Amino acid sequence: MSFKILGTGSCLPQRVVSNEELSEFLDTSDEWITQRVGITERRVCTTETTTDIAVGAAKGALEMSGTTPDELDMILCATVSADHAAPSLACSVQAMLGATCPAMDINAACSGFIYMLEAAAGFFAIGYKRILVIGAERLTRVVDWTDRSTAVIFADGAGAMVLGPGKSYISSKLVAKGGDTVLSIPSFEGQSPFYKNKSLKPYVHMNGQEVFKFAVNAMCTDLADVIEAAGLTIEDIAWIVPHQANARIIDAAVRKFNIQPERCLKNIETTGNTSAASVAILADELCRSGKLKDGDYIAMAAFGAGLTSAACVIRWEE
Ligand code: UT7
């Protein structure tokens, strides 16, 4: 049950929003956001849909891999902010790319991209040959713009990979604790005259401190477990690609593993938290940086609503 990465891509919306701009209508400051979260600016959709940025990322990955849309035999999308509840984001992407293969979405919140890699590995085990995986989010659609504790964190973006048969996916771990009390995005309740439950507003609700504690512990434990399961030690890992939720969570992992900070990658300063897209965008940046060498081991880790967490080790093969 493995695969090889044939190409990566990413797409961020055009509009850059600085902390100063947010401070114009929220009771916040550049100093607080920079120090407590590590973000200075983020990208925000103005006219782009989730589908548009997902397709942008997909095109980059298809081009790098030398794959045409008709060669794909599965499209998987990880998202919590698709344009529609139905059809899936993957089906909208399939139509825009002109592909004809099956397509479906996976929701494991911010852990979704790594959950999706595991699902893709399963498809390769039963004979699939080319799978496009995309993490894409338009989280600015689901944040409460009057809530300073979440509006300053979440952002928009998409990352993608084209996968083919291979042996790069070395080890993995998926976790779900269950529950919706610490972090959730309630669905639109509709207008049924019969439904009597009081509903929360359909925006992000987050107990930041609780998630923070879960995140630090989950990321460090999951990374240690997948590295051990791969028969490796932290010294063997060339690059850690962590979910970009808070720079302080990433710094905690650097301290825990006592590694050089530059090996634990960070782009949160300019991308913000893009949930299921975050590790895919970062992986594409790494891939295009020229820093990756044949045989490098990459450890990816993510965590989020569910509460879910996930990690994996991938060996880069040119
Ligand atoms: O990707 C999905 C997973 N999500 C995460 O991993 C998020 C994990 N959590 C976090 O990153 C952090 O908990 C936050 C960034 C969300 C919040 O940081 P914090 O250091 O945990 O702040 P806090 O919630 O303890 O709040 C401290 C203070 C409060 O004020 P008082 O009560 O001490 O007067 C907040 O009201 O900071 C205040 N605060 C703000 N102040 C200025 C909260 N948000 C802001 C803000 N600007 N944007």
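The values are calculated or read from the model by the stated rules, or taken from the named source; none is laboratory data. Not measured: the values here are computed from a predicted model. When we count neighbours, we look across all protein chains shown, and the Cβ atoms used for this are built from the backbone with ideal geometry, even at glycine. For accessibility, only protein heavy atoms count, side chains too; no ligands or nucleic acids. Shrake-Rupley method; radii C 1.70, N 1.55, O 1.52, S 1.80 Å.
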query = Which is within 12 Å of the ligand (Cβ to nearest atom), closer than 26 Å to residue 20 by Cα and either at pLDDT 95 or above or hydrophobic (A, V, I, L, M, F, W, C) (or both), of 270, 308, 274?
reply = 274
key: Qualifying positions in the range 68-80 - in contact (Cβ under 8 Å) with a residue 12 or more places away in the chain and either touching a Pro at 6+ places or on another chain (Cβ under 8 Å) or surrounded by fewer than 20 Cβ atoms within 10 Å (Cβ to Cβ) (or both)   = 69, 70, 71, 73, 74, 75
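For (1) away from the ligand (no atom under 16 Å from the Cβ); (2) surrounded by 18 or more Cβ atoms within 10 Å (Cβ to Cβ); (3) closer than 23 Å to residue 65 by Cβ, each residue gets a yes or a no:
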site: 120; (1), (2), (3): yes, yes, yes
site: 127; (1), (2), (3): yes, no, yes
site: 132; (1), (2), (3): yes, yes, yes
site: 143; (1), (2), (3): no, yes, no
site: 151; (1), (2), (3): no, yes, no
site: 161; (1), (2), (3): yes, yes, yes
site: 177; (1), (2), (3): no, no, no
site: 185; (1), (2), (3): no, yes, no
query = Among 105, 156, which is the only one that is open to solvent by 20 Å² or more (accessible area, probe 1.4 Å), among the acidic types (Asp, Glu) and under 20 Å from the mean Cα position of the chain (by Cα)?
reply = 105
task = Check the range 240-253 and report whether any residue there is touching a residue at least 24 places away in the same chain (Cβ under 8 Å), open to solvent by less than 20 Å² (accessible area, probe 1.4 Å) and away from the ligand (no atom under 14 Å from the Cβ).
result = yes
request  = Please enumerate the residues belonging to the range 247-270 that are in contact with a helix residue (DSSP H, G or I) (Cβ under 7 Å, 6 or more places away or on another chain) and closer than 21 Å to residue 113 by Cα.
outcome  = 247, 249, 253, 264, 265, 266, 267, 268
request  = For the range 290-300, indicate whether the set of residues that are open to solvent by less than 10 Å² (accessible area, probe 1.4 Å) and over 18 Å from residue 38 (Cβ atoms) is non-empty.
outcome  = yes
remark   = Pairing a residue in the range 144-163 that is under 22 Å from residue 134 (Cβ atoms) with any residue that is among the acidic types (Asp, Glu) and assigned to a strand (DSSP E or B), where Cβ atoms lie under 7 Å and the two sit 6 or more apart in sequence or on different chains, gives 156/137; 157/137
message = Given the criterion over 16 Å from the mean Cα position of the chain (by Cα) and open to solvent by less than 10 Å² (accessible area, probe 1.4 Å), identify the matching residue among 53, 5, 39.
response = 39
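Just checking, how many residues over the range 95-113 are among the hydroxyl-bearing types (Ser, Thr, Tyr) and part of a loop (DSSP other than H, G, I, E, B)?
Residues in the range 95-113 being among the hydroxyl-bearing types (Ser, Thr, Tyr) and part of a loop (DSSP other than H, G, I, E, B): 1 in total.
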task = Tally the residues that are free of Cβ contacts under 8 Å to residues at least 40 places away in the same chain and within 16 Å of the ligand (Cβ to nearest atom), restricting the search to the range 33-55.
result = 2
task = Those residues that are assigned to a strand (DSSP E or B) and open to solvent by 40 Å² or more (accessible area, probe 1.4 Å), I need them from the range 10-36; list them, please.
result = 10, 15, 16
request  = For residue 62, work out the one condition from (1) within 16 Å of the ligand (Cβ to nearest atom); (2) in a helix (DSSP H, G or I) it doesn't fulfil.
outcome  = (1)
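Does residue 198 satisfy the condition of being farther than 17 Å from residue 274 by Cα, surrounded by fewer than 21 Cβ atoms within 10 Å (Cβ to Cβ), basic (Lys, Arg) and modelled with pLDDT under 95?
In short, yes.
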key: Selection status of residue 208, closer than 16 Å to residue 110 by Cα, within 14 Å of the ligand (Cβ to nearest atom) and in contact with a Cys (Cβ under 9 Å, 6 or more places away or on another chain)   = no
remark   = For the range 11-31, pairs from a residue that is of a type in the set (A, V, I, L, M) and within 14 Å of the ligand (Cβ to nearest atom) to a residue that is open to solvent by 40 Å² or more (accessible area, probe 1.4 Å) and assigned to a helix (DSSP H, G or I), with Cβ under 9 Å and 6 or more apart or across chains, are 22/30; 22/148; 26/148
request  = Can you run down the residue pairs with Cβ atoms below 7 Å, 6 or more apart or on separate chains, where the first is in the range 216-236 and surrounded by fewer than 20 Cβ atoms within 10 Å (Cβ to Cβ) and the partner is of a type in the set (Lys, Arg) and part of a helix (DSSP H, G or I)?
outcome  = 220/256
